[in-house]
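Below is one structure, written out as structure tokens; comments come after it.
The values are calculated or read from the model by the stated rules, or taken from the named source; none is laboratory data. For clarity, every value in this text was computed on a predicted model and none was experimentally measured. In this analysis, Cβ positions are derived from the backbone assuming ideal geometry, glycine residues included, and neighbour counts consider all displayed protein chains.
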Amino acid sequence: MLRSEAFRDVPTALWRFDTAAAMTPQLVKAKQYAENWDGFRQNGIGLLLFGDVGTGKTFAASCIANAIIDRESPPSWSACPTR
């Protein structure tokens, strides 16, 4: 149920850290954030993903969300469109 609420785009529901083509330093940080989600959430600490088109922001965010959903916690996120 959480996954269907979080993802309207089916491919992103399948994106996981363990299926990444390469674990870049940015994905390692994203994975650490997901692994420590409970503490970050309790302390009101978020994660800002930014970069040019095609740098993996959506993939990283989806991996984080899936990792959190796998632990049965509802993720929360928002996108900030650029001009």
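Before moving on, here are some points about what is shown:
- If you go through region 30-40 and keep only what is free of Cβ contacts under 8 Å to residues at least 12 places away in the same chain and not hydrophobic (A, V, I, L, M, F, W, C), you end up with GLN32, ASN36, GLY39.
- Cross-chain or 6+ apart pairs with Cβ under 8 Å, region 42-71 first and at positive phi, then outside any loop (DSSP other than H, G, I, E, B): GLY51/LYS57; GLY56/GLN26; GLY56/LEU27
- Test result for MET1, loosely packed, with under 11 Cβ neighbours inside 10 Å and either among the β-branched types (Val, Ile, Thr) or at pLDDT below 95 (or both): yes
Table: residues versus (1) in a loop (DSSP other than H, G, I, E, B); (2) closer than 13 Å to ALA65 by Cα; (3) aromatic (Phe, Trp, Tyr).
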{"position": "MET23", "(1), (2), (3)": "yes, no, no"}
{"position": "GLN26", "(1), (2), (3)": "no, no, no"}
{"position": "LYS29", "(1), (2), (3)": "no, no, no"}
{"position": "TYR33", "(1), (2), (3)": "no, yes, yes"}
{"position": "PHE40", "(1), (2), (3)": "no, no, yes"}
{"position": "GLY44", "(1), (2), (3)": "yes, no, no"}
{"position": "LEU47", "(1), (2), (3)": "yes, yes, no"}
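- Any hit, region 55-70, residues being modelled with pLDDT of 90 or more, part of a loop (DSSP other than H, G, I, E, B) and surrounded by 11 or more Cβ atoms within 10 Å (Cβ to Cβ): yes
- Here THR19, THR12 are screened, and the one residue that is polar (S, T, N, Q), surrounded by 14 or more Cβ atoms within 10 Å (Cβ to Cβ) and modelled with pLDDT of 65 or more is THR12.
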